[in-house]
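The values are calculated or read from the model by the stated rules, or taken from the named source; none is laboratory data. No experiment lies behind these values; they were computed from the predicted model shown. Cβ placement follows ideal geometry from the backbone for every residue including glycine, while neighbour counts extend to all protein chains displayed.
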Amino acid sequence: MTKFLTGSEKYQGFWENTKEAVKLPRISILFDEEDPRAFAKRFADAYKSRTMADSLLKYNFYIENMPTHQIPEITNTEVNRVLNMVQN
């Protein structure tokens with residue numbers, strides 16, 4: 001028997017072969033009535049989303065922590081040149 005735990009948002013149940021108690025998130029559970037292809041697609045989509053989120057977190061961390069003390073300031077001439085390129 002599977003039971004949903006609202007506090008942790010996990011399902012509590014038992015492994016059929018060992019009768020060991022487990023608590024698993026919904027994404028890790030394939031219910032008997034569920035289509036295995038739908039489960040596999042949902043799991044793959046969740047994995048891809050997690051990988052993308054992890055990559056974005058790392059990217060933003062690197063950008064935020066880049067050393068900037070050795071980078072010279074941009075001049076007004078360079079700013080105007082970039083703005084002219086954007087406007088055209």
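Okay, here's what the table says:
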{"quantity": "Boolean, Asn17 is surrounded by fewer than 10 Cβ atoms within 10 Å (Cβ to Cβ) and modelled with pLDDT under 95", "calculated": "yes"}
{"quantity": "Those residues of segment 20-47 which are in contact with a Phe, Trp or Tyr (Cβ under 9 Å, 6 or more places away or on another chain) and loosely packed, with under 11 Cβ neighbours inside 10 Å, in sequence order", "calculated": "Glu20, Ala21, Phe31"}
{"quantity": "Unique residue being more than 28 Å from the chain's Cα centre (by Cα) and surrounded by 10 or more Cβ atoms within 10 Å (Cβ to Cβ) when the list is Arg50, Arg81", "calculated": "Arg81"}
{"quantity": "Residue within segment 18-26 that is of a type outside the set (Asp, Glu), in a loop (DSSP other than H, G, I, E, B), in the same structural domain as Leu5 (by TED's automatic domain parsing) and in contact with a strand residue (DSSP E or B) (Cβ under 6 Å, 6 or more places away or on another chain) present", "calculated": "yes"}
